[in-house]
Amino acid sequence: LSTPQIIRVQSPEGVKRITATKRETVATFLKKVAKEFGFRNNGFSVYTNRNRTGEITASQNKSLNLLKIKHGDMLFLYPSSPAGSSTSSETMDTSVSQGLRPMGAPQVVEDEIDQYLIKQDGKIYRNRDQQLCRHGPLGKCVHCVPLEPFDEDYLNHLEPPVKHMSFHAYIRKLTGGADKGKFVALENISCKIKSGCEGHPPWPEGICTKCQPSAITLNRQKYRHVDNIMFENHTIADRFLDFWRKTGNQHLGYLYGRYTEHKDIPLGIRAEVAAIYEPPQIGTQNSLEILEDPKAEVVDEIAAKLGLRKVGWIFTDLVSEDTRKGTVRYSRNKDTYYLSAEECITAGNFQNQQPNICRLSPDGHFGSKFVTVVATGGPDNQVHFEGYQVSNQCMALVRDECLLPCRDAPELGYAKESSSEQYVPDVFYKDIDKFGNEITQLARPLPVEYLIIDITTTFPKDPVYTFSISQNPFPIENRDVLGETQDFHSLATYLSQNTSSVFLDIISDFHLLLFLVTNEVMPLRDSISLLLEAVRTKNEELAQTWKKSEQWATIEQLCSTVGVQISGLQEYGAVGGSTHAVSAPMWACQHCTFMNQPGTDHCEMCSLPRT
């Protein structure tokens with residue numbers, strides 16, 4: 001009898017071991033491979049070399065011994081591509097073989113900015129040093145050779161110094177070297193007991209080294225997923241701060257924008273903020289409570305059609321110091337805290353909800369690009385915007401419910417202790433004692449600075465405007481406590497005060513677009529796509545096409561029912577040049593609230609008479 005032998009077969013989904021014999025025919029062996037990998041038909045090819053040479057086919061009718069395939073050999077399996085998709089298949093397989101994606105990691109579509117930065121060289125090019133370089137103009141030496149994007153000495157000598165390299169520079173560091181990062185995999189930390197361990201009773205009756213999560217030693221993260229936060233213009237931030245100025249209560253909002261390249265840092269990413277959406281909330285002078293938002297899904301959908309996405313959140317922590325001078329208290333500093341433990345936990349929750357898609361992670365995601373911005377007092381007692389993220393370790397502790405805030409010390413967190421309901425691994429951090437020695441401390445309590453990554457927050461010298469700016473802007477949502485409501489009366493007032501002949505300038509308001517989609521009287525969710533495309537591409541012709549629709553004519557008629565005279569309505573047809581004349585207002589049925597055409601005496605919905 002032939003001695004059994006193990007043949008390894010590598011595919012894009014991982015390596016599997018096939019048991020065979022020397023005298024076994026190729027056809028029999030390929031049937032085993034198909035069964036092991038779950039192929040029904042001949043939907044794959046097997047090669048002896050990674051570069052797709054030396055194909056093994058059933059038609060060869062030879063034994064494995066004659067093909068010189070012996071115990072321990074590695075064969076390479078490639079799924080057959082559907083017609084017209086061979087290029088994508090080759091790209092996928094090449095990414096595995098070159099170490100760009102770990103074997104067995106799922107195929108994912110990364111963000112556009114990540115796809116762009118992957119293709120960039122990323123090296124830091126330096127000019128020839130006139131004093132130190134002793135070579136010709138075409139030569140290179142240690143004084144002028146390009147530096148890698150993760151060069152710490154270069155980053156430390158920037159002005160201001162950069163404490164955290166960019167995430168893509170970190171990836172370049174991992175995938176550099178002779179093996180090109182072939183075995184690199186960005187593993188997400190887990191603080192939970194692994195399921196499926198059958199050698200003992202479940203926790204709390206039993207636990208073993210196989211299912212027990214490892215202890216965590218907190219380290220300051222060397223990289224960050226976002227390197228800069230930039231508000232497109234000051235108006236975005238000023239309108240958000242108006243709520244605090246008028247009430248004295250703290251406020252919160254979600255940042256909508258896009259991720260772009262940050263050229264000041266090698267392979268850096270910038271979060272550009274184009275608008276702030278303010279969800280339902282309850283704010284006091286020293287607290288914030290976020291309420292359930294029934295419109296959250298619609299807001300994300302509209303933002304996506306505008307080319308935007310949720311990139312972060314912002315909240316105020318402002319206390320007026322001198323109302324005559326307009327100064328605020330400087331309360332967040334190195335002597336107190338920059339983010340409280342409760343804020344870190346909230347940021348960790350948000351970051352877990354918005355994971356960063358990553359090809360190098362077996363889970364398909366690693367970390368997050370979601371940022372936190374705090375509007376608070378600075379050293380000059382003026383309002384400053386400070387940007388942060390929490391580390392991936394903090395995200396894991398928050399996700400697995402292992403981190404708690406301290407009630408009497410906002411700058412301290414507390415790692416939970418294990419209970420009969422939950423096993424919590426030990427969490428440590430390193431500190432320096434009074435003698436200058438490095439010691440390891442149990443994270444009960446835990447200074448939250450080990451969890452925080454700071455991000456520079458800026459405003460551009462030349463403002464950018466994704467949306468139009470008006471001296472009489474449309475009211476912001478969920479500000480009823482200020483008496484600022486979004487309804488057709490406020491819409492009519494807005495239209496009467498903005499009489500530009502360019503309709504796109506009037507309608508390009510993020511909060512106005514949300515109102516048109518989410519109002520209960522005339523929601524336009526299914527018919528506003530053309531207008532959103534016009535705003536996204538700044539196409540006045542498309543906007544004019546949408547304005548000629550029945551929906552906009554109905555909106556104008558609804559505005560006229562509130563008794564506000566829109567300037568130029570009869571002269572120009574409607575605001576901004578609409579060709580629909582408004583002869584009489586529509587009327588609402590008192591029984592079913594259906595909006596009926598003018599001139600009718602009975603409701604078109606319930607047939608009851610007009611009252």
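The values are calculated or read from the model by the stated rules, or taken from the named source; none is laboratory data. Worth saying up front: this structure is predicted, and the values here are computed from it rather than measured. With ideal geometry, Cβ positions are generated from the backbone for all residues, glycine too; neighbour counts draw on all protein chains shown. Ligands, DNA and RNA are excluded from the accessible area calculation, which covers all protein heavy atoms including side chains. Shrake-Rupley method; radii C 1.70, N 1.55, O 1.52, S 1.80 Å.
Here is how the numbers come out for the structure above:
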| read-out | value |
| --- | --- |
| Positions within the stretch 460-474 being aliphatic (A, V, I, L, M) and within 11 Å of Asp505 (Cα to Cα), in sequence order | Ile469 |
| Verdict on Phe594 being of a type in the set (Phe, Trp, Tyr), at pLDDT below 65 and either more than 21 Å from Tyr277 (Cα to Cα) or surrounded by 14 or more Cβ atoms within 10 Å (Cβ to Cβ) (or both) | yes |
| Any hit, the stretch 173-183, residues being touching a Ser or Thr at 6+ places or on another chain (Cβ under 6 Å) and surrounded by 16 or more Cβ atoms within 10 Å (Cβ to Cβ) | yes |
| Number of the condition not met by Ile453 [criteria: (1) under 30 Å from Cys191 (Cα atoms); (2) not assigned by the TED database to the domain that holds Gly378] | (2) |
| Filtered residues of the stretch 184-210 (kept if surrounded by 16 or more Cβ atoms within 10 Å (Cβ to Cβ) and over 24 Å from Val427 (Cβ atoms)) | Val184 |
| Positions within the stretch 155-171 being closer than 22 Å to Asn127 by Cβ and in a helix (DSSP H, G or I), in sequence order | Leu155, Asn156, Ala169 |
| Test: Ser59 is of a type in the set (S, T, N, Q) and either under 25 Å from Ala185 (Cα atoms) or without any contact (Cβ under 8 Å) to a residue 24 or more places away in the chain (or both) | yes |
| Selected residue [crowded, with 22+ Cβ neighbours inside 10 Å and in contact (Cβ under 8 Å) with a residue 24 or more places away in the chain] from Gly248, Gly257, Gly283 | Gly257 |
| Selection from the stretch 51-76 of residues that are in a loop (DSSP other than H, G, I, E, B) and open to solvent by less than 80 Å² (accessible area, probe 1.4 Å) | Thr53, Gly54, Thr57, Leu64, Leu67, Ile69, Gly72, Asp73 |
| Qualifying residue in the stretch 337-355 (condition: over 29 Å from Glu401 (Cβ atoms) and free of Cβ contacts under 8 Å to residues at least 40 places away in the same chain) | no |
| Filtered residue count, the stretch 323-340, keeping only those that are surrounded by fewer than 12 Cβ atoms within 10 Å (Cβ to Cβ) and more than 17 Å from Leu241 (Cβ to Cβ) | 4 |
| Any pair with Cβ under 8 angstrom, 6 or more apart, that starts in the stretch 111-125 at a residue that is within 11 Å of His168 (Cβ to Cβ) and ends at one that is open to solvent by less than 90 Å² (accessible area, probe 1.4 Å) and of a type in the set (Gly, Ala, Ser) | Gly122/Ala169 |
| Qualifying residue in the stretch 423-433 (condition: more than 18 Å from Tyr338 (Cα to Cα), exposed (fewer than 15 other Cβ atoms within 10 Å of the Cβ) and in contact with a Lys or Arg (Cβ under 8 Å, 6 or more places away or on another chain)) | no |
| Subset of the stretch 290-316 [touching a residue at least 60 places away in the same chain (Cβ under 8 Å), in contact with a helix residue (DSSP H, G or I) (Cβ under 9 Å, 6 or more places away or on another chain) and part of a strand (DSSP E or B)] | Lys310, Gly312, Trp313, Ile314, Phe315, Thr316 |
| Every residue from the stretch 448-473 that is modelled with pLDDT of 90 or more and of a type in the set (Gly, Ala, Ser) | Ser468 |
| Selection within the stretch 41-75 - of a type in the set (Lys, Arg) and under 16 Å from Thr21 (Cβ atoms) | Lys62, Lys68, Lys70 |
| Those strands (runs of 3 or more DSSP E) lying entirely in the stretch 345-387 with at least 1 residues in the same structural domain as Ile269 (by the TED database) and touching a Lys or Arg at 6+ places or on another chain (Cβ under 8 Å) | 355-357, 371-377 |
| Residue among Ser214, Ser166 that is modelled with pLDDT of 90 or more, of a type in the set (Gly, Ala, Ser), surrounded by 14 or more Cβ atoms within 10 Å (Cβ to Cβ) and not assigned by the TED database to the domain that holds Ala396 | Ser166 |
| Out of Pro405, Pro379, sole residue that is open to solvent by 40 Å² or more (accessible area, probe 1.4 Å), under 24 Å from Lys416 (Cβ atoms) and more than 17 Å from the chain's Cα centre (by Cα) | Pro405 |
| Of residues in the stretch 123-154 being touching a strand residue (DSSP E or B) at 6+ places or on another chain (Cβ under 9 Å) and in a loop (DSSP other than H, G, I, E, B), the one surrounded by the fewest Cβ atoms within 10 Å (Cβ to Cβ) | Tyr125 |
| Complete set of residues in the stretch 3-20 that are open to solvent by 40 Å² or more (accessible area, probe 1.4 Å) and not in a strand (DSSP E or B) | Thr3, Pro4, Glu13 |
| Qualifying residue in the stretch 229-241 (condition: farther than 27 Å from Pro473 by Cα, at pLDDT 95 or above and open to solvent by less than 10 Å² (accessible area, probe 1.4 Å)) | no |
| Close pairs from the stretch 524-543: first farther than 15 Å from Ile506 by Cβ, partner polar (S, T, N, Q), Cβ under 6 Å, at least 6 apart | Leu524/Gln551; Ser527/Gln551 |
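Residue by residue, here is whether (1) in contact with a helix residue (DSSP H, G or I) (Cβ under 7 Å, 6 or more places away or on another chain); (2) modelled with pLDDT of 85 or more; (3) among the β-branched types (Val, Ile, Thr) holds:
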| position | (1), (2), (3) |
| --- | --- |
| His71 | no, yes, no |
| Phe76 | no, yes, no |
| Ser85 | no, no, no |
| Ser88 | no, no, no |
| Thr94 | no, no, yes |
| Gln98 | no, no, no |
| Glu112 | no, yes, no |
| Gln115 | no, yes, no |
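Conditions (1) under 27 Å from Asn333 (Cβ atoms); (2) in contact (Cβ under 8 Å) with a residue 24 or more places away in the chain; (3) not acidic (Asp, Glu), marked per residue:
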position	(1), (2), (3)
Asn392	yes, yes, yes
Asp400	no, yes, no
Arg407	yes, no, yes
Lys416	no, no, yes
Lys434	yes, no, yes
Asn437	no, no, yes
